[in-house]
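The values are calculated or read from the model by the stated rules, or taken from the named source; none is laboratory data. Only a predicted model underlies this, so the values are computations on that prediction, with no experimental measurement involved. A quick note on method: Cβ atoms are made from the backbone with ideal geometry, for glycine too, and the neighbour counts reach across all protein chains shown.
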Amino acid sequence: MSRTERYDQSGIEVRADGAVRVVTLNRPETLNAFTEELHEQFVELWADVESDEECRAIVLTGAGRTFSAGGSYEDFEGRRVDAARRRRSLRLARRLVDEMLEVAVPVVAAVNGPAVGLGCTVTTLCDIVFMSTDAWLADTHVSVALVAGDGGAVTWPAHTSLLRAKQYLLTGDRLGAQEAVALGLANFAVPGEQLLEEALAFAHRLAAQPPQAVQETKAVLNQHLRANAVRALGYGLATESQSHDTAEYAEWSERLRPQD
């Protein structure tokens, strides 16, 4: 089974566009929510990128009308009732941050629709962010009784101010494309029909630059995020784990249960 076929089966599509790899979260019927399987495959993706010697940049996007709705209900409920599953999920969360910060080539996000929860965190771990003008970001961890510990507390203060990070992480408020650009959480807001074309064009610009200079400059800049991760990620994941035992989290799990 080829690498691409393996990802296609898990809900990730990988295709080559010259020296750029276009990675698509491809479960539009579930709004590209991260099941445990998709979460694991997404983490493993970055090591495969490192082994692809022809890859010079990545474009990351979502299929359908959503970039990613974040965690799935099954994972939400599973982490409440199964401690082993919870530990496994939080270890994956740590690996996701580490892998996205360590991948050498630049990652360009093409945010085609809402990026919520973990989907928002993934967006803020990318190197360049294009957003459709009708897309929005929302880190809703706190709103569903979870500590925002799996990456948002690492990335948001680096991209914007600590006060702005507190404003949005504590409330879960939506952040539209234009406001995201103004606050430093996105680089470009473009019409939806131009989104992938413009993100690809920018990725090809990066791919045409001298690779060692691009990759090591990215690594140097990501030292700021790595420092944040050292300071905050371990504590954040530990306290997020505790959130699953609260009455408020149980109430939200019941609210999110699919109706028969």
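List of remarks:
- Residue match in the stretch 140-150 (condition: under 30 Å from residue 201 (Cβ atoms), in contact with a helix residue (DSSP H, G or I) (Cβ under 6 Å, 6 or more places away or on another chain) and not aliphatic (A, V, I, L, M)): no
- The set of residues in the stretch 31-77 being within 22 Å of residue 201 (Cα to Cα) and in contact with a Pro (Cβ under 8 Å, 6 or more places away or on another chain) consists of 56, 57, 58, 62, 63, 64, 65, 66, 67.
- Test: residue 70 is among the small types (Gly, Ala, Ser) and touching a Gly at 6+ places or on another chain (Cβ under 8 Å): yes
- When restricted to residues that are under 20 Å from residue 93 (Cβ atoms) and either outside any helix (DSSP H, G or I) or of a type in the set (Lys, Arg) (or both), the stretch 33-57 contains 3.
- Residues located in the stretch 126-146, provided they are not polar (S, T, N, Q) and not in a loop (DSSP other than H, G, I, E, B): 128, 129, 130, 131, 136, 137, 138, 142, 144
- If you check 186, 232, 250 for being in contact with a helix residue (DSSP H, G or I) (Cβ under 7 Å, 6 or more places away or on another chain) and not in a helix (DSSP H, G or I), only one passes: 186.
- Checked against (1) buried (at least 17 other Cβ atoms within 10 Å of the Cβ); (2) touching a helix residue (DSSP H, G or I) at 6+ places or on another chain (Cβ under 8 Å); (3) at pLDDT 95 or above, residue 171 passes all but a single condition, namely (1).
- Test result for residue 176, surrounded by fewer than 19 Cβ atoms within 10 Å (Cβ to Cβ), within 30 Å of residue 145 (Cβ to Cβ) and at pLDDT 95 or above: yes
- The residue of the stretch 217-259 that is farthest from the chain's Cα centre (by Cα), among those that are under 23 Å from residue 104 (Cα atoms) and among the charged types (D, E, K, R), is 231.
- Residues in the stretch 20-75 that are in contact with a Cys (Cβ under 9 Å, 6 or more places away or on another chain) and of a type outside the set (D, E, K, R): 20, 49, 58, 60, 67, 68, 70.
- The stretch 71-93 residues that are farther than 18 Å from residue 45 by Cβ and modelled with pLDDT of 90 or more, paired with ones that are outside any helix (DSSP H, G or I) and not aliphatic (A, V, I, L, M) (beta carbon under 7 Å, 6 or more apart): 86/244
- If you check 82, 52, 48, 75 for being farther than 25 Å from residue 187 by Cα, crowded, with 19+ Cβ neighbours inside 10 Å and of a type in the set (Asp, Glu), only one passes: 75.
- Residue 91 being assigned to a helix (DSSP H, G or I) and out of contact with any helix residue (DSSP H, G or I) (no Cβ under 6 Å at 6 or more places or on another chain): yes
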